[in-house]
Amino acid sequence: MHIEILVEDSSGERLLDCLLPRILGEQGQPHTWRLHAYKGISRIPRGLKASTDPAKRMLLDQLPRILRGYAKTPGIDAVVVVLDSDRRDCVAFLTELNALVNGLEQAPRTLFRLAIEEVEAWYLGDRAALAAAYPSARQRALDNYVQDSICGTWEVLADAVYPGGAAAIKKAGWPLPGQLKHEWADKIGPEMDIERNASPSFCKLRDGLRRLIREAA
């Protein structure tokens, strides 16, 4: 089975590049996949017609065009789209996403998975991995975190592992936030145990991918 996996930014791509072999097995044995990182989420375009230049690589704006192309491409068995929910209502957002697919003349099998509220929830779902990557993480910053809650998730992680916390990162401004998101993927991702993760949204991604390959068998 071959799966095309679309993510909204390059730090998410880096994390999934680390985790997918543990979920799907080694590349090509027997399943294959390709990861594609975009430069933001944007929004579903009206009439399912993109309104921005494809070179800007805004995921939802380009998604109807991308799915139409995949539907015509031999050898693509499924498409998985991984997004942060941010502060959206998850049920309403998934309904909108699935309506996009249903509104296309042709579409590949498409699975949407949301990180609640942000992909940093998946790091926070594996406290042992976080502690291995950042032995000096401030436990007090983590104590009140409710898994997969809408609370400013990346800020919780930043307060635990970065000197000065989220406030210092916001004061420094870009590109520091992006650099740290990549660092977290590189340092925490290799330590993660995909079977013990306490994040329901991560488990839905893991289990959804595994269900795709079971059903293709």
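With the contact rule set at Cα under 8 Å and sequence spacing of 6 or more, what percent relative contact order holds for region 87-154?
Values: 34 pairs, mean separation 24.3, N = 68.
So the answer I get is 36 percent.
Applying a 10 Å radius around every beta-carbon, put 147-160, 17-30 in order of their mean neighbour count, most first.
147-160, 17-30
What does the charge count around A128 come to, taking other residues whose C-beta lies under 11 Å from its C-beta (Lys +1, Arg +1, Asp -1, Glu -1)? Show your work: numbers first, answer last.
Details: positive: R127, R196; negative: D126, E191, D193.
Here the count lands on -1.
In degrees between 0 and 90, to the nearest 10, how far off the longest principal axis of the chain does helix 200-216 point, with axes built from Cα atoms?
Once rounded, one gets 30 degrees.
What does the charge count around V156 come to, taking other residues whose C-beta lies under 13 Å from its C-beta (Lys +1, Arg +1, Asp -1, Glu -1)?
Value of the local net charge: -4.
Rank by packing, highest mean first: peptides 106-119, 83-96, with packing defined as the count of other Cβ atoms within 10 Å averaged across residues.
Details: 106-119: 19.9, 83-96: 14.3.
My ranking of the peptides, most packed first, is 106-119, 83-96.
Within the set of other residues whose C-beta is less than 13 Å from the C-beta of A216, count the net charge using Lys and Arg as +1 and Asp and Glu as -1. Display every interim value, and only then the final one.
On the way: positive: R109, R210, R211, R214; negative: D77, E215.
Result for the local shell: +2.
For the chain, take the longest principal axis of its alpha carbons; what is the angle in degrees between that and the long axis of helix 176-188, to the nearest 10 within 0 to 90?
90
Quick one: angle between helix 90-102 and the longest Cα principal axis of the chain, in degrees between 0 and 90, rounded to 10, please.
It is inclined by approximately 20 degrees.
For mean projected area of the Cα convex hull in nm², the choices are (i) 12.2; (ii) 11.4; (iii) 10.5; which was calculated from the structure?
Working out mean projected area of the Cα convex hull in nm² from the coordinates points to (i).
Under the 0.36 nm per residue contour assumption, what length would be gained going from the current alpha-carbon distance of D193 and H2 to full extension?
Details: separation 191, 0.36 × 191 = 68.76 nm, distance 2.40 nm.
Taking D193 through H2 to full extension adds about 66.4 nm, to one decimal.
Throughout, read-outs are computed from the coordinates displayed, never taken from laboratory work. What you are looking at is a predicted structure, and each value in this text was computed from that prediction instead of being measured. Neighbour counts are summed over all protein chains in view; Cβ atoms, including those assigned to glycine, are modelled from backbone coordinates with ideal geometry.
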